[in-house]
Amino acid sequence: MKHIRPVPDQAQHSIDIGVLLALADPCLTEEGAEELRRTMTEHATGIDWSWLLDQGSRHRVLPLMGYNIKTFRLYWAESGEDLMPNHWVYTSVYEGNRLRNEALAKELAALLRSFNDSGIPYAVRKGLLLAERFYPDLGTRRVSDFDILVTAADARALAAPLQELGYVQGVLHADARIRPYQRSTEAFWRLHVNNALPYVKKTTEPGLAAFIVDLCLSVLPGRESRTVGSEEFLARSVPATTCGVPTRALGPADELLDLCQHLYKEADTSFYIASSQDIALSKFIDVVRALRDADEATLTAFVDRAHHYDVARNVYFALVHTAELYPGTVPGWVEERLRPEDLSYLDEYGNLEGNVRTWQHGFLQRAFDNRRVERMEGGSSVPLR
């Protein structure tokens with residue numbers, strides 16, 4: 001992952017963006033850290049640290065930045081002088097996230113043992129699985145919930161082991177009570193969402209109000225998920241170990257497809273845009289790391305399946321923007337084989353919802369625009385209560 005480079009659409013924050021990308025590199029080396037230190041020293045008076053703090057939070061990479069700052073002592077210049085103000089904020093976020101993820105890992109281990117005992121086929125997605133495989137330390141990746149791929153029938157069967165562990169399908173409110181979803185919400189999700197409504201369990205662990213289990217019924221979106229469930233992907237799953245427990249994960253080609261599809265879904269959907277979750281460096285980093293581990297056979301299968309499942313357009317969206325942020329990480333032949341004839345959709349959103357609108361600015365400009373939500377037309381139609 002290349003470090004420091006200007007971003008033309010964000011001239012005001014060109015150096016800041018380069019520093020952000022470098023600080024949020026999970027593969028940062030001593031050599032790369034020294035290059036970054038020199039750049040930070042050269043531009044010491046011009047770096048907008050409050051903007052970097054805000055963007056690190058928005059892009060869900062603050063713990064990773066804190067880890068690199070601590071590991072490579074990037075708060076000091078070569079002369080020994082302080083290089084960045086309030087560096088303790090970043091390192092404290094990393095330390096806090098590590099405690100948070102340790103609590104999540106302990107809970108996920110208990111869940112996976114229960115799922116294994118049930119004999120129900122499943123595969124772990126994203127989250128702690130990637131934190132353990134792709135990142136230098138468990139505390140460097142921000143994890144929100146436990147993503148589990150199952151069939152629609154087995155999602156109902158998993159209700160029993162989840163309830164035995166204290167999980168309830170409902171919403172945690174400000175009064176600390178978990179209330180059932182409204183019937184209208186249940187009906188909407190059954191018809192339009194390729195996930196079961198989340199299961200929740202209250203906790204007092206550091207940095208957590210609740211543990212959340214998200215049962216995914218298909219890797220594919222919208223209409224594709226209606227015709228192709230999770231069965232094919234589960235049949236191709238591979239053995240894995242997550243949080244010390246033997247389990248199953250998506251095969252390498254399917255995992256890359258899943259990460260790209262997930263990135264596109266959240267970038268395109270009004271619900272995620274309205275909550276500022278549509279564009280996050282953390283998701284692009286996951287794609288870069290998966291690409292880095294993929295051999296030619298994996299990439300060929302990945303491209304073939306994107307066409308087979310009719311999601312090449314969605315996958316191309318993820319890859320072309322990954323290449324904008326991290327040049328050289330996407331093989332040219334992969335990008336070329338997935339490239340659709342019409343590229344106008346790259347600056348659109350609402351395709352998956354059937355309410356297409358167009359952004360007024362290019363991807364790189366809106367990726368780092370903290371007023372992006374204000375520029376969205378219309379709100380979200382996905383009920384969560």
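Using a probe of 1.4 angstrom and keeping all protein chains present, the accessible surface of region 14-126 works out to 42 square angstrom per residue.
Taking GluC sites (Glu not before Pro) in DSSP loop states with no more than 16 other Cβ atoms inside 10 Å as exposed sites, the chain has its longest site-free stretch at 82-340. For region 59-156, trypsin sites (Lys or Arg not before Pro) are listed when DSSP marks them as loop and at most 15 other Cβ atoms sit within 10 Å of their Cβ; the list is 73.
Between 233, 261, 39, the Cα set farthest toward the positive side of the dipole of the chain (charges on each charged residue's Cβ, about the Cα centre) is that of 233. Projecting the Cα atoms of 134, 249, 206 onto the dipole axis of the chain, where Lys and Arg carry +1 and Asp and Glu carry -1 at the beta carbon, places 206 farthest toward the positive end.
Grab the Cα-Cα distance for residue 336 and residue 310, subtract it from 0.36 nm times how many residues apart they are, and report the gain in nm with one decimal.
Details: separation 26, 0.36 × 26 = 9.36 nm, distance 1.60 nm.
Roughly 7.8 nm would be gained on extension.
Magnitude of the charge dipole for the chain, about its Cα centre and with charges confined to Cβ atoms of Lys, Arg (+1) and Asp, Glu (-1), is about 1160 debye. Between residue 276 and residue 95, the simple spin-label model (points 7 angstrom out along Cα→Cβ) gives 2.5 nm.
This model, with +1 at the C-beta of Lys and Arg and -1 at the C-beta of Asp and Glu, gives region 154-305 a dipole about its Cα centre of some 600 debye. Listed options for semi-axes √(5λ) of the Cα gyration tensor in Å are (i) 61, 22, 18; (ii) 36, 23, 19; (iii) 33, 25, 21. The value calculated from this structure is the one marked (iii). In this structure, the residue pairs whose Cα-Cα separation is over 26 Å, taken from 126/265; 70/201; 126/202; 106/265, are 70/201; 106/265.
Set the Förster distance to 35 Å, then compute FRET efficiency between residue 156 and residue 133 from the Cβ-Cβ distance, nearest 0.05. Before the final figure, lay out the partial values.
On the way: r = 30 Å, r/R0 = 0.86.
It comes to 0.70.
Rounded to the nearest 0.05, what FRET efficiency is calculated for residue 49 and residue 76 with R0 set to 22 Å and r the Cβ-Cβ distance? Walk me through the numbers on the way to the answer.
Values: r = 15 Å, r/R0 = 0.69.
About 0.90, to the nearest 0.05.
When the accessible area of the chain is computed with all protein chains present and a 1.4 Å probe, what percentage of it is carbon and sulfur? All intermediate terms of the calculation are to be shown ahead of the outcome.
Details: 8340 of 16820 Å².
Carbon with sulfur: 50 percent of the solvent-accessible area.
Distant-in-sequence amide contacts of residue 230, defined by a placed amide H-H separation under 5 Å and a gap of 5 or more residues or a different chain, comprise 152.
Amide H to amide H distances under 5 Å link residue 241 with 247, where only residues 5 or more positions off or on other chains count and H is placed in the peptide plane. Using a simple spin-label model with pseudo-atoms 7 Å out from Cα toward Cβ, residue 163 and residue 370 lie 4.6 nm apart. The C-alpha atoms of the chain define a longest principal axis, and helix 296-308 lies at about 60 degrees to it. In a simple Cβ point-charge model (Lys, Arg +1; Asp, Glu -1; nothing else charged), region 94-136 has a dipole of about 120 debye relative to its Cα centre.
From the residues 26, 76, 104, which one has its Cα farthest along the dipole of the chain in the positive direction, the dipole being from +1 and -1 charges on Cβ of Lys/Arg and Asp/Glu about the Cα centre? About the Cα centre, the residue reaching furthest to the positive side is 104.
For every helix of n ≥ 4 consecutive DSSP H residues, a contribution of -39,500 (n - 2.57) applies; sum these over the chain, divide by its total residues, and give [θ] at 222 nm rounded to the nearest 500 deg cm²/dmol. Please list the in-between numbers first.
Working: 18 runs with 190 residues, N = 385.
That calculation yields -14500 deg cm²/dmol at 222 nm.
The values are calculated or read from the model by the stated rules, or taken from the named source; none is laboratory data. All values reported here derive from a predicted model rather than from experimental measurement. In this analysis, Cβ positions are derived from the backbone assuming ideal geometry, glycine residues included, and neighbour counts consider all displayed protein chains. The protein model used for the area step is the full one, side chains on, heavy atoms only, and it has no ligands, DNA or RNA in it. Shrake-Rupley method; radii C 1.70, N 1.55, O 1.52, S 1.80 Å.
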